[in-house]
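Data first, discussion second: the structure below is written as structure tokens.
The values are calculated or read from the model by the stated rules, or taken from the named source; none is laboratory data. As the structure is a computational prediction, the values presented were derived from the model and not from experiment. No Cβ is skipped: glycine too gets one built from the backbone with ideal geometry, and neighbour counts run over all protein chains shown.
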Amino acid sequence: MNPLGWPGYEEQLGRARARSGGVESVTWQRSAHAVEITFDFRFLGGSVGTATGALIEEAFTGARAARLPVVSRIATGGSRMQEGMLSLRQLQRVARLCAAHREAGLPHVSVLGDPTTGGLWASLGAGADFVIGVAGAQVGFAGSRVRPADDPAYTAEGQFAAGTVDLVVPAADVGATVAEVVWLLTHGDAVPAEVPRALGAQELPADGWSAVRRARSADRPRAGAYLDDYFDSRMPINGDRAGGVDAGVLCGVGRRGDRAIAFAAQTGTATTPAGFRTAARLVRLASRFALPVLTLVDTPGAANDAAAERAGVGAAIAELFAAVAEARVPITTLVVGEGGSGGALALSSPEHTWITPDAYFSVIAPELAAAILKRDDVLRLADDLRLRPQDLVELGVVRGIAGRPGSSRSTQAP
């Protein structure tokens, strides 16, 4: 218990045990639904030493043997100085345990209490499948004594804004939120998601430009309306885990009856690299937990400004294409608005894509096609692109038009 022979360490441990009533800074317990690891900040600031690492390993090993999720309730200042590098190396131990749990297809949910700093944030906390921040908690790699004071970046809310935390909730709501997340991540069935019903116009457009105008109409139902109509409730997944958030891409897992279905939905804006990476993260998470995926396509295309290029938009789109191609679960896609070029195609199922009557799907927007081809007849060009829902069914690009009986070519789809 004192591998470095640190002066007075035994006495410090004794006082910590008397103050907390526990033998170490963590305890764990098993229920019918999960194994829960709980940190006690009263025990040397919730710091992690070799004995702490052993208890965390015991918890993860037991959870893996019982095929149970792990919930980590964290409140820690980081590694324990009194054990030096032996303490720091527990981070590698924790990372290995998280990786083994993930490889076994079992969920890990972390709850970031006040504070969650140091290496445990960068391993047990940020490495979880779903990360919940307690409102107002200090969260960051740097602890309060070694960082600038009063910077909102070092809070649960700041980490949410940076895309490293999925949800921030008041302390009183943590228990119910954790229970819902665990339920959603453990009720996958890998059965294809149903195609949502069309909420907007039911009649088909007469020509290509009419299809484009209707898809761009401010009155057309957007992704939020489709998600509200489709799911009984839903839990968001936020951010790309690399400092980016795209508010125009909604990702998460929802309840539909007694099913859990993952979703990624564009909301009509140009999709940024962070949006593509968040969607790719969602698809990979769904594959691990056998969650069918529903994607809603609605974007004029990928963001193409200089900021998007510097943030790696091409690589981000490639990452999403790969995640969809490698998915081990069925993906159902509904185009609900603009289907603009590769930025829309990246979120689309190669085999199970449908479209609403007030949407279109095109290799490029007609105006941009006109500029590239040096044509001044945009209206005619919209017809030439064959981008109407009925054109896309005939071409075999989509399987059918939502809400229109007899419009499906599903028997001919690959």
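Quick notes
- Any hit, the range 54-67, residues being among the β-branched types (Val, Ile, Thr), within 23 Å of the chain's Cα centre (by Cα) and over 19 Å from residue 242 (Cβ atoms): no
- Checked against the criterion of being touching a strand residue (DSSP E or B) at 6+ places or on another chain (Cβ under 8 Å) and at pLDDT 95 or above, the candidates 296, 320 yield just one match: 296.
- Subset of the range 182-223 that is hydroxyl-bearing (Ser, Thr, Tyr) and within 31 Å of the chain's Cα centre (by Cα) - its residue that is surrounded by the most Cβ atoms within 10 Å (Cβ to Cβ): 186
- Count - residues of the range 239-261 that are in contact with a strand residue (DSSP E or B) (Cβ under 7 Å, 6 or more places away or on another chain) and not acidic (Asp, Glu): 10
- Where a residue in the range 280-296 is farther than 18 Å from residue 352 by Cβ and its partner, wherever it lies, is aromatic (Phe, Trp, Tyr) and assigned to a strand (DSSP E or B), with Cβ under 9 Å and at least six apart: 285/130
- Residues of the range 122-139 classified as free of Cβ contacts under 8 Å to residues at least 60 places away in the same chain and either outside any helix (DSSP H, G or I) or touching a Phe, Trp or Tyr at 6+ places or on another chain (Cβ under 6 Å) (or both), total: 12
- Where helices (runs of 4 or more DSSP H) fall entirely within the range 1-111, those with at least 2 residues that are at negative phi, touching a strand residue (DSSP E or B) at 6+ places or on another chain (Cβ under 7 Å) and not β-branched (Val, Ile, Thr) are at 50-66, 84-88, 90-103.
- Residue 242 meets all of the listed conditions (1) over 26 Å from residue 179 (Cβ atoms); (2) touching a helix residue (DSSP H, G or I) at 6+ places or on another chain (Cβ under 6 Å) but one, namely (2).
- Any hit, the range 100-121, residues being acidic (Asp, Glu) and surrounded by 24 or more Cβ atoms within 10 Å (Cβ to Cβ): no
- Of 84, 14, 49, 22, all but one fail to be over 22 Å from residue 107 (Cβ atoms) and over 36 Å from the mean Cα position of the chain (by Cα); the exception is 14.
- Lone unmet requirement of (1) of a type in the set (Val, Ile, Thr); (2) closer than 20 Å to residue 334 by Cβ; (3) assigned by TED's automatic domain parsing to the domain that holds residue 303; (4) touching a residue at least 60 places away in the same chain (Cβ under 8 Å) for residue 191: (3)
- Residues that are of a type in the set (Asp, Glu) and crowded, with 24+ Cβ neighbours inside 10 Å within the range 286-342 comprise 298, 338, listed in sequence order.
- Failed item in (1) farther than 15 Å from residue 72 by Cβ; (2) modelled with pLDDT of 95 or more, with residue 145 passing the rest: (2)
- Consider the range 125-142 and keep the residues that are modelled with pLDDT of 90 or more and over 17 Å from the mean Cα position of the chain (by Cα). The one that is surrounded by the fewest Cβ atoms within 10 Å (Cβ to Cβ) is 136.
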